[in-house]
Amino acid sequence: MTEFPRDAILVVVEARASGELEKAAAGLFGAAAAVGTPVALILAAPDAGGDAAAEAAALGAARVLIAEAPEPSALGVPGVDALAAAAEKVQPDAILISHSLNGRDLAGRYAARSRAAVSVDAIGVSRDDEGVVAHHSVYGAYNLTSTSTFGAPVITVRQGSIEARATAQPEASETLAVTPSGKPAARIDSFDEAVAATSRPELRGAAKVVAGGRGLGSEEQFALVEQLADTLGAAIGASRAAVDAGYVPQSQQVGQTGVSVSSQLYIALGISGAIQHRAGMQTAKTIVAINKDGDAPIFEIADFGVVGDLFKVVPQLISALEARKK
Ligand code: FAD
């Protein structure tokens, strides 16, 4: 194989057991292509089927390195070993990883081991004279940039935040030889498979989110949020007030101390729009708010707003959406 491109951006993506790449992959390659030449490192699940390398090339990877998990029960360390081997080989200008749970874990562990700088939760990247710069939206109120003063920055990218897509490339893949570091790893001794209780999309990375706040009034009435979400095929989110009141579990909380989303559509029902809530949803592409208080701060950032009682407006909205499906 020839040398790696001088402006290589190493994009780390996980392949599921089915062989498919994680959903955030397209955005990661899109971001990488805007500042250099995307080179993929695929962390493949053991015995993964499918053709992750072909998918990576179709998403814009000029070169693809495939690291197979050598020790399926070891957590964390094999991924860092693979990333260290790939970074050594590729000498990238930056490393892009999804801001998922696994991605954050990998970014932090790798940065600690290699003494690289980490920029977390970026919603974009650019390049200046000195290297790759990460862009962040903090509390939904401030836009700031970060970069490293030495070495290639490790940047975790918020799922759903990048709309750009890279041009497909011819497939050029190879297996990455990884020498296990032997560093202590957490190990899985046993596990119970949790059956997903819902077929709804996962909140983090969802294209559409319907979120409910204190205005729903009770756990029973929060079902209206679920109905609208199911009509749209959306994930469910909530304000902290709704979580604190016990309408939904904390895992559904959007905001500063919850999940950050950059969905295509975010519908806020009975949510006032406190800065801590906005911190987690302000980068959504289209925001719709339904609130009976016309002065609620959520309307300051909404693309479409309905001032009205959600218990009257939402059933009508659901009927109209259902009628369209027929
Ligand atoms: P409220 O502010 O009480 O708003 C309810 C809204 O519902 C009102 O605007 C009202 O007009 C409307 N309403 C009521 N009835 C109806 C109806 N029938 N039809 C239509 N509209 C109706 N909050 C988060 O969401 N996420 C976080 O991660 C988060 N982190 C925090 C971290 C810190 C350190 C602190 C201090 C706070 C944090 N908060 C967070 C809390 C935040 O400040 C707000 O208290 C919270 O977001 C309010 O939730 P809410 O909008 O549902 O409730």
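Toward the positive end of the charge dipole of segment 89-159, with +1 on the Cβ of Lys and Arg and -1 on the Cβ of Asp and Glu, the farthest Cα among GLY108, VAL138, GLN91 is that of GLY108. Between amide H atoms placed 1.01 Å from N, distances below 5 Å from ALA117 occur with VAL154, all of them 5 or more places distant or on a separate chain. The relative contact order of the chain comes to 15 percent, based on Cα pairs under 8 Å that sit 6 or more residues apart.
As a proxy for reagent exposure, HIS136, HIS99 were ordered by neighbouring Cβ count within 10 angstrom, fewest first; the result is HIS136, HIS99. Shape index of segment 97-220: Rg/Rh, with Rg the Cα radius of gyration and Rh the Kirkwood radius from the inverse mean 1/r over Cα pairs, equals 1.04. What the Cβ-Cβ distance of THR2 and ARG214 gives, at R0 = 51 Å and to the nearest 0.05, is a FRET efficiency of 0.30.
Evaluating 6.51 cos²θ - 1.76 cosθ + 1.60 at θ = phi - 60° for every residue in segment 254-269, the Karplus couplings come out as 9, x, 3, 10, x, 8, 9, 10, 10, 5, 5, 9, 10, 10, 9, 10 Hz, glycine and proline recorded as x.
Which of rounded, prolate, oblate describes the chain, given a ≥ b ≥ c as roots of the alpha-carbon gyration tensor eigenvalues and a/c under 1.5 marking rounded, otherwise prolate only if a/b is larger than b/c? Prolate, since a/c reaches 1.5 and a/b exceeds b/c.
The charge dipole of the chain, taken about its Cα centre with unit charges on the Cβ atoms of Lys, Arg (+1), Asp and Glu (-1) only, comes to about 540 debye. Neighbour counting of Cβ atoms within 10 Å sorts the residues LEU96, LEU224, LEU10, fewest neighbours leading, into LEU224, LEU10, LEU96. Per-residue Cβ neighbour counts within 10 Å put ILE123, ILE97 in the sequence ILE123, ILE97, beginning with the fewest. Please compute the contact order of segment 274-326 in relative form: average sequence separation of alpha-carbon pairs under 8 Å and at least six residues apart, divided by the residue count, as a percent. This gives 31 percent for segment 274-326.
Look at where the Cα atoms of segment 213-273 and of segment 153-197 average out, and the two centres are 29 Å apart. The residues packed around SER173, meaning those with a beta-carbon under 14 Å from its beta-carbon, carry a net charge of -3 if Lys and Arg are +1 and Asp and Glu are -1. Over segment 197-274, the reciprocal of the mean inverse Cα-Cα separation, the Kirkwood hydrodynamic radius, stands at 12.0 Å.
From its DSSP helices (H runs of at least four residues, each -39,500 (n - 2.57)), the chain gives a residue-normalised ellipticity at 222 nm of -7500 deg cm²/dmol.
At an R0 of 30 angstrom, the distance between the Cβ atoms of ALA54 and LEU75 translates into a FRET efficiency of 0.60.
When the pairs LYS292/LYS312; LYS285/LYS312; LYS23/LYS285; LYS208/LYS325; LYS23/LYS89 are compared against a 20 Å limit on Cα-Cα distance, LYS285/LYS312; LYS23/LYS89 fall above it. Cβ-Cβ distance of VAL138 and ALA186, R₀ of 25 Å, FRET efficiency by 1/(1 + (r/R0)^6): the value works out to about 0.20. Would segment 254-301 count as rounded, prolate or oblate if I go by the C-alpha gyration tensor, calling it rounded below 1.5 in a/c and otherwise prolate when a/b exceeds b/c, oblate otherwise? It comes out oblate by the Cα gyration axes. Per residue, the average separation of C-alpha pairs within less than 8 Å and at least 6 apart gives segment 192-326 a relative contact order of 21 percent. For segment 1-154, the alpha-carbon radius of gyration amounts to 0.99 times the rule-of-thumb value 2.2 N^0.38 Å expected for a compact globular protein. Of the three principal axes defined by the Cα atoms of segment 180-314, the extents in descending order read 60, 29, 25 Å.
A short reminder: the numbers here are calculations on the coordinates, not readings from a lab. Here the structure is a predicted model, which means the values were calculated and not measured. Backbone-built Cβ (ideal geometry, glycine too); neighbour counts: all protein chains shown.
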